[in-house]
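See structure below.
Every read-out reported here was derived from the displayed coordinates using simple, explicitly stated rules and does not represent laboratory data. Predicted, not measured: the structure shown is a model, and the values here were computed from it. Cβ: placed from backbone, ideal geometry, glycine included. Neighbour counts: every protein chain shown.
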Amino acid sequence: MQDQPTPGEMLKTVAEFLRSAGPKQAQPHIAYQVRVAANVLDLVARELAIAPVENTLEAGRLRAILGRDGSLEELNTAFAEALDRGTLSMLTPEVRDHLWATTLAKLSIDQPTYSGYRATLAERTGLANL
Amino acid sequence: MNTIESDEVRIAGGLRRLVATIVPGAAVEGLQRLSGGATQQTWRFEAVSSAGSTPMILRRAPSGDIEARLISAARERDVPVPLVRHVLTPADGLGSGFIMDFVEGETLGGRIVKSEAFAVARETLSSRCGEILAKVHSIDPAQFPSLRSSSPSELLQHWEDQYRSTQWPRPVFACAFRWLRQTCPPAPARPRVLHGDFRNGNLIIGSDGIRAVLDWELAHIGDPMEDIGWLCVNSWRFGRMDKVVGGFGDLADLIAGYNQAAGASVRIESCKWWEVFGTLRWGVMCATMTRDFRTTDPTVERAAIARRASETEIDLLRLLAG
């Protein structure tokens, strides 16, 4: 067992520190890079929190679609090749649902404020409420 | 930090000698590196002489020579661009690049699509983009024999090779490449000089509209629709997804402005292939940045852009599997 504070807590604190220190930088390009650095730490914290569960779910779906086992990278390589050759199609429900679920999980880590992600969530919530 | 500081000392020295010849007797003041350029260096400074102070830009880029020639050719075609003052030579000791006038205005896409200050300008921005693109596309390609010329299928192969070189599987990209291959348009009857990166973020905007078109380093020769589709990629709409053109305008206005200025008959229906292609191109550009991050450019900014590849994956799904 590792000690406390947790990685997530420490990353959050460092990001907050950078956000308060960044604007004090005289050089505009340095101030900009400090802001980007804080955003990158937030991304890492989200990946630590979200990826373990999502990667397991993703691998499970891929095993079902492909009917084989392997590492997540091996499964994705085989999946991408099948889509490229056309032996699997993004328009079959199982494949399409998987692509959406995987991509939404990636966006929740990489860019949870991105317009395409927010719009998709809003549309899906709207559908769920119908 | 150290590299940047020593860069600054070296650049200040080179500029001092150079600027005195561009504006007789002028001194260099207020040299500062601007943020915004991910791959290229842009420095701002003032050329100060007895006649007054002139803000200028030093652009350092490997393709600086050809960029400067393109800007000058565009200027002849009445495209709003900064005046190029000097193209760097080896004797200048500053690498490749050029010096141009600084143009005052806004380049941040988020402000351009949201700020009240540009509310009036936004109404005509889309048709003006069409008009400007038509003018860019009227530059004679024979003037630029070194620019790469590709048909849509060759272009697709180029970006697919780039994707494969990352050796990282992306199922959504695989779907998009397949769709693009199966619906690929033929080679254009008249290949044109393309800006290659004409988008919100590379335009200087004022309350009066477009003041300058920047960042010509991705120029190449091909189908004029490529520039139109690129301008519509969701990544440059800065949250205003309903405004397909750069987050500020409608596609019908862009096409009307283009057709009127070019005397052409570009059709709205042909835009989707190029919007999908543009989205995938941006995605592959992001994906290849992981390699740059691990080798030549281990910066925070590079890592952050590499992780933007997924934004194009969701946009591609919305375009192809919505």
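A few notes on this one:
- Calculated [θ] (222 nm, deg cm²/dmol) that DSSP helices of n ≥ 4 give over chain A, each run adding -39,500 (n - 2.57): -27000 deg cm²/dmol
- Between B:Ile268 and A:Met1, the FRET efficiency from the beta-carbon distance, with R0 = 41 Å, is close to 0.10.
- Taking Lys and Arg as +1 and Asp and Glu as -1, the other residues whose beta-carbon sits under 13 Å from that of A:Leu91 total 0.
- Projecting the Cα atoms of A:Leu121, B:Ala306, B:Val48 onto the charge dipole of the protein assembly as shown (Cβ charges, centred on the Cα centre) puts B:Val48 farthest toward the positive pole.
- Here is the result for the range B:254-293: no chymotrypsin sites (Phe, Trp or Tyr not before Pro) lie in DSSP coil with at most 15 other C-beta atoms within 10 angstrom of their C-beta.
- Dipole moment magnitude, nearest 20 debye, the range B:232-313 about Cα centre, only Lys, Arg, Asp, Glu C-beta charged: 200 debye
- Crossing angle, helix B:251-262 versus chain B [Cα axis fit, 0-90 degrees, rounded to tens]: 70 degrees
- Net charge contributed by nearby residues that have their C-beta within less than 9 Å of B:Gly239 (K/R +1, D/E -1): +4
- Within chain B, helix-based [θ] at 222 nm, where runs of 4 or more DSSP H residues each add -39,500 (n - 2.57), nearest 500: -14500 deg cm²/dmol
- Largest mean-square fluctuation among A:Leu75, A:Leu91, A:Leu48, in a Gaussian network model of chain A whose springs join Cα atoms under 10 Å apart, belongs to A:Leu91.
- Sequence-ordered 3J(HN,Hα) estimates for the range B:25-31 from the Karplus curve with 6.51, -1.76 and 1.60 and θ = phi - 60° stand at x, 6, 9, 9, 10, x, 5 Hz, glycine and proline given as x.
- Packing-based exposure ordering (other Cβ within 10 Å, fewest first) of A:Tyr32, A:Tyr117: A:Tyr32, A:Tyr117
- Which listed pairs, of A:Lys12/A:Lys106; B:Lys114/B:Lys135; B:Lys243/B:Lys272, have C-alpha distances above 22 Å, in listed order: B:Lys114/B:Lys135
- Exposure proxy order (Cβ contacts within 10 Å, fewest to most) of A:Asp110, B:Asp65, B:Asp223, B:Asp315: B:Asp65, A:Asp110, B:Asp223, B:Asp315
- Only the Cβ atoms of Lys and Arg (+1) and of Asp and Glu (-1) were treated as charged; on that basis the dipole of the protein assembly as shown about its Cα centre amounts to roughly 160 debye.
- Between B:Ser146 and B:Glu104, the distance separating the two model label sites (each 7 Å from Cα on the Cα→Cβ line) works out to 3.5 nm.
- Per-residue Cβ neighbour rank within 10 angstrom, fewest leading, B:Glu226, B:Glu275: B:Glu275, B:Glu226
- Equivalent ellipsoid semi-axes - Cα gyration tensor, the range B:109-320, angstrom: 26, 21, 17
- On the basis of the beta-carbon distance and an R0 of 35 Å, A:Thr87 and B:Gln157 show a calculated FRET efficiency of 0.95.
- The charge dipole of chain A, taken about its Cα centre with unit charges on the Cβ of Lys, Arg, Asp and Glu (plus for the first two, minus for the last two), comes to roughly 440 debye.
- Selection among A:Ala49, A:Leu18, A:Thr77 by position relative to the dipole of the range A:1-81 gives A:Leu18 as farthest towards the positive end (Cβ unit charges, Cα centre).
- Count Lys and Arg as plus one, Asp and Glu as minus one, and take only other residues whose Cβ is under 13 Å from that of A:Leu57; the net charge is then 0.
- Inter-centroid distance (Cα atoms) of the range B:75-136 relative to the range A:11-70, Å: 33 Å
- The simple Förster model, with R0 at 60 Å and r as the Cβ-Cβ distance, assigns B:Thr21 and A:Ala64 a FRET efficiency of 0.30.
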